[in-house]
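**Student:** Got a structure for you, questions after.
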Amino acid sequence: MLVLEKARLVFLANPKTATQSLRAVLAPFAQATPSDTGHKHINAQIYHRKWAARIRRNLGGPVETFSVMRAPMDHLGSWYRYRQRDALRGHENSTHGLSFAEFVEARLADDPPPFARIGRQDRFLGFLNGGTPVNYIFDYADLDRLLAFLSARLGSSLELPHRNASPIADAQTLILPDALSARLSSAHATEFALYDRVRKGGLLHTPAAPGGAVA
């Protein structure tokens, strides 16, 4: 989480959506970020429960949240590739030696093994179980739109550095059998639907509630 006081924005860092690069470019503008947030990937639910009221008081008024969403299949593929890196070999989180299909099968299990415990983007962004949603959700496939938005709000031209990339994989290794793809789409229907809304508009804007409620 980063609090951008000048822009009156809070960045909620959805994992595997260029968060390291975004944190790097936004760090100079994040003077108001509390030092005791603990976890850098604070989701919308935790933000509203633990931080929203405090940040509103500190900044003297309402702020808005923003985040990035990735196509669900690409999001899973990025986690799979990231956990195949050599540094994780032998660790319970490693996907070394597993096919992408085996990874997705494990992800869909009632009790996924450690390597497949991947959070849902719709839950992170506050669109599952009646949560308070993130105000601005940008498409990972169109980060230039996000940079233009942030540049305007911060009054400074921003360029995105390249940080923490997943290992490159042959696209053919990330193709699922039709039956498994259908199971994934059904199990994560709200996530796929949410991304479709983001993709079609380039971003999804959910205004803050009236009366100054922090979002």
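**Student:** Quickly work out the R8-to-D74 label distance, labels modelled 7 Å from Cα along the C-beta direction, and quote it in nm with one decimal.
**Tutor:** Reported label-point gap for D74 and R8 is 3.2 nm.
**Student:** If you take every DSSP beta bridge whose two residues both sit in the stretch 2-205, what share of them, in percent to the nearest 5, is antiparallel? Write out the running numbers ahead of the final one.
**Tutor:** Numbers: 6 of 13 bridges.
Bridges in the stretch 2-205 that DSSP calls antiparallel: roughly 45 percent.
**Student:** Let me know the longest stretch in the chain that avoids all GluC sites (Glu not before Pro) found in a DSSP loop with at most 14 other C-beta atoms within 10 Å.
**Tutor:** Within the chain, the longest run free of exposed GluC sites (Glu not before Pro) spans 1-91.
**Student:** Which one is right for this structure if volume of the Cα convex hull per residue in Å³ is calculated from it: [x] 167; [y] 136; [z] 148?
**Tutor:** Checked against the structure: label [y].
**Student:** Stretch E159-D86 to full length: gain in nm at 0.36 nm per residue minus the Cα-Cα span?
**Tutor:** Gain in length upon complete extension: 23.3 nm.
**Student:** In which sequence would V63, V25 go, from the one with the fewest C-beta neighbours within 10 Å to the one with the most? List each step's numbers first, then the result.
**Tutor:** Numbers: V63 21, V25 17.
The most exposed by this proxy come first: V25, V63.
**Student:** Let me spell out the model: positive unit charges on the Cβ of Lys and Arg, negative unit charges on the Cβ of Asp and Glu, origin at the Cα centre of the stretch 2-205. What dipole size does that give, in debye rounded to 20? It would help to have the intermediate numbers written out before the result.
**Tutor:** On the way: 26 positive and 19 negative charges, 163 e Å.
Charge dipole of the stretch 2-205: 780 debye, to the nearest 20.
**Student:** Pop the C-beta distance of D111 and L143 into the FRET formula with R0 = 30 Å and round what comes out to the nearest 0.05.
**Tutor:** The computed FRET efficiency comes out at 0.30.
**Student:** So how far apart, in nm, are the two label points at A193 and L59 if each is 7 Å from Cα heading toward Cβ?
**Tutor:** The answer from the label model is 3.0 nm.
**Student:** Right, here's the next one. Per-residue HN-Hα couplings for the stretch 130-146, Karplus 6.51 cos²θ - 1.76 cosθ + 1.60 at θ = phi - 60°, whole Hz, x for Gly and Pro?
**Tutor:** Per residue, the Karplus-derived 3J(HN,Hα) values read x, x, 8, x, 5, 6, 10, 10, 9, 7, 4, 6, 9, 5, 4, 5, 5 Hz.
Values in this text are rule-based calculations from the coordinates and carry no lab data. All values derive from a computational prediction rather than experimental measurement. Cβ: placed from backbone, ideal geometry, glycine included. Neighbour counts: every protein chain shown.
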